[in-house]
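What follows is a set of notes on a single structure, which appears directly below.
The values are calculated or read from the model by the stated rules, or taken from the named source; none is laboratory data. Keep in mind that what you see is a predicted model, and the values were worked out from it rather than measured. Ideal geometry is used to build each Cβ from the backbone, glycine not excepted, and the neighbour counts take in all protein chains shown.
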Amino acid sequence: MQIPLTQFEQYIDETILKRGLQYFKKGHVHEPEEISPGEYAAIVEGTEDYTVQLTLKNGIITEHVCDCPYDFGPVCKHVAAVILYLQQDELELNKKTTRTKTSQSAIPAKRKTVAQQVDELLEKATHDELKQFVREKASANAPFRNLFLSSFAQHNSNESKELYEKQVKSILKTASDRHGFIDWSASRIVGNAVDNLLESAQKQINNRNYKSAVFICTAVMEKMTEALQYSDDSNGDIGGSVDAAYEMLYAIAQEQLSEEIRKLIIEYCFTSFDKQIYSGWDWHIGVLRLAAFLLKTEEETEHIFRQIDKAQRSDYEKEAAQSIKYDILLKTKGENAAEEYLEQNITNSNLRREAIQKALIKKNYDKAISLAKDGVNYDLKDKPGLAKEWYDWLLKIAQAQNDSERIIEYARMLFIDNFRNEQDYYQILKQYVKPDKWNAFVEAVIQDIATKKRWLDTGLIASILIKEEWWDRLLELVKKSPDLNTIDHYEKYLSKNYSDEIVELYANGITNYMKNSMGRDHYQNACRYIRKIIKHGARDKANEIILYLRTEYPKRKALLEELTKV
């Protein structure tokens, strides 16, 4: 989200602004440093010290990042605090803090950037001074030591995968508790530390030092996969590191590699698969996919075919392995052999898609239709979602044939079933149904949706009413399910013509909501909707609700506190 510096209050949630202001007033924001032209970084003290980075261009914050765990909105309180620091003069904030000695603007106009300061020191420091500094830091600081060793790996005669495994294990050990468990917050720390290793791997790739990068990536993949067994990785930091390392390996495989590096990677893939290092994870099949990309010899091809035949633990694994084998056959044996294998394994959804696509390209519509209908019959009972995809292919085939009747049939069915795909079924229907029959057609669709009595039907019918701009009917639909979330969702479509009705719906929704809701979070939520009523110009109604809540719940102190903030 881009934020104009002079209008930032309009872009940030009011609660976040208030919390940011508290941080600012308490002097928790360190003076921002200009890292490079237009890029600033500042430390904000909280439960931990967090780093906020802002990029300013023509008075607009084009990027803002904080390394805190907040993920409930686009801007956290730490970012808000730094923005307030930058705008303190314009806002005439009376900041009392001992952190700075001046009330001038927080962005120094002529101050050297951090990069310039570093360059200047590097020019002046002697070689021996720099070496001594590195020795001391590497000895006392494990993250720095790991980063240093991986960044200059090409000069290390003892470099191996095991060297980097030790570094990853050191990171994991430091983050684990006395029982060896890595909790949610520690997982993020681990992820950040391992990211430094992967950044070193990327530098090695950029320098075409592929062996070092392979060692780093495979070490990260193995040790971080093991760590998933004793970590709370609900944020995906640890699994994300494995994904990133795998993607780097795949990127390396696409480079012009020496035979030594090609064999290093492919042999690792074969070995890790046989040892089932990644068993139970997508990377187990992923290493086969990587090996398939690097295949050259008949012996390697036969080896991977044997491994593919072993990959039968689940339907997903089986289908993924068969798809890899199809690609290998196409690459090594030619189209006829691949086509024969495809036909033999047509129940594989990936191969069925391939077959339908090929038939469509060749304009062999009868075969494409037969494959898609066979897919519907095969998957309808156990995989209804997949069966809908085959109907989507039948729609594509009908579109290729310009068969209006079938296009309407399949698009109507897929729209009513609310199948999510890349096509806009409603727009397709509007294109092919005759204008003089459209309203009656839509009414019939609405009726069919309503008879299904599913939880999603209200939203689907509402989407039709919005597309047709039938606002009076949309209002009636909202009145049938007048919970606050529903009102909030459709307010933007109704507020122009039905502001009074929306206010009344909010008022009733708030009073009903409070009957069954307790706790500060719920009280804050209710107050948020009271503010919406005020934005509709109904301050009297808002005051009426506030008075009612104060009278009805006089012992809920947290509620009374929140109401005073409205």
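Residue by residue through region 49-70, note down the ones that are free of Cβ contacts under 8 Å to residues at least 60 places away in the same chain, under 22 Å from Gly191 (Cβ atoms) and in a loop (DSSP other than H, G, I, E, B). Those that are free of Cβ contacts under 8 Å to residues at least 60 places away in the same chain, under 22 Å from Gly191 (Cβ atoms) and in a loop (DSSP other than H, G, I, E, B): Cys68, Tyr70. Screening Ser234 on (1) under 23 Å from the mean Cα position of the chain (by Cα); (2) under 23 Å from Thr271 (Cβ atoms); (3) of a type in the set (Ser, Thr, Tyr) shows it passes everything except condition (2).
Collect the residues in region 82-124 that are of a type in the set (Lys, Arg) and either under 14 Å from Tyr40 (Cβ atoms) or modelled with pLDDT of 70 or more (or both), keeping them in residue-number order.
Taking region 82-124 and keeping what is of a type in the set (Lys, Arg), we get 95-96, 99, 101, 110-112, 124.
Matches in region 82-124: Arg111, Lys112, Lys124.
In region 157-178, the residues that are over 22 Å from Lys211 (Cα atoms) reach residues that are outside any helix (DSSP H, G or I) and not small (Gly, Ala, Ser) with C-beta atoms within less than 6 angstrom, at least six apart or across chains, in these pairs: Ala175/Ile182; Ser176/Ile182. Between Leu288, Leu295, the distinction of being buried (at least 19 other Cβ atoms within 10 Å of the Cβ), among the hydrophobic types (A, V, I, L, M, F, W, C) and in contact (Cβ under 8 Å) with a residue 12 or more places away in the chain belongs to Leu288 only.
Tell me the helices (runs of 4 or more DSSP H) entirely within region 469-566 that contain at least 3 residues that are within 22 Å of Asp13 (Cα to Cα) and free of Cβ contacts under 8 Å to residues at least 40 places away in the same chain. Steps first, please.
Details: elements: 471-480, 484-494, 499-515, 520-535, 539-552, 557-564.
It comes to 484-494, 499-515, 520-535, 539-552, 557-564.
Every listed requirement among (1) touching a Phe, Trp or Tyr at 6+ places or on another chain (Cβ under 6 Å); (2) crowded, with 20+ Cβ neighbours inside 10 Å is met by Tyr230 save one, (2). The test for being at pLDDT 90 or above and part of a strand (DSSP E or B) does not hold for Val79.
Conditions (1) touching a strand residue (DSSP E or B) at 6+ places or on another chain (Cβ under 7 Å); (2) buried (at least 19 other Cβ atoms within 10 Å of the Cβ); (3) at pLDDT below 90, marked per residue:
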{"residue": "Ile533", "(1), (2), (3)": "no, yes, no"}
{"residue": "Lys541", "(1), (2), (3)": "no, no, no"}
{"residue": "Leu547", "(1), (2), (3)": "no, no, no"}
{"residue": "Arg550", "(1), (2), (3)": "no, no, no"}
{"residue": "Val566", "(1), (2), (3)": "no, no, yes"}
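Does Ala462 fit the bill of being under 35 Å from the mean Cα position of the chain (by Cα) and either surrounded by fewer than 16 Cβ atoms within 10 Å (Cβ to Cβ) or over 30 Å from Gln427 (Cα atoms) (or both)? Here the answer is no, as Ala462 does not meet what is asked.
Residue pairs whose Cβ atoms lie under 7 Å apart, separated by 6 or more positions or on different chains, with the first residue in region 80-106 and assigned by TED's automatic domain parsing to the domain that holds Gln10 and within 15 Å of Gly20 (Cβ to Cβ) and the second modelled with pLDDT under 50 and basic (Lys, Arg), are Gln88/Lys95.
Hey, any hits in region 41-48 for a residue that's modelled with pLDDT under 90, crowded, with 16+ Cβ neighbours inside 10 Å and hydroxyl-bearing (Ser, Thr, Tyr)? No, region 41-48 contains no residue that is modelled with pLDDT under 90, crowded, with 16+ Cβ neighbours inside 10 Å and hydroxyl-bearing (Ser, Thr, Tyr).
Between Lys358, Lys331, which is farther than 24 Å from Gly280 by Cβ and in contact with a Leu (Cβ under 8 Å, 6 or more places away or on another chain)?
Details: Lys358 fails: in contact with a Leu (Cβ under 8 Å, 6 or more places away or on another chain).
Sole residue among the options that is farther than 24 Å from Gly280 by Cβ and in contact with a Leu (Cβ under 8 Å, 6 or more places away or on another chain): Lys331.
In the condition set (1) outside any helix (DSSP H, G or I); (2) farther than 28 Å from Gln276 by Cα, Thr347 is compliant with all but (2).
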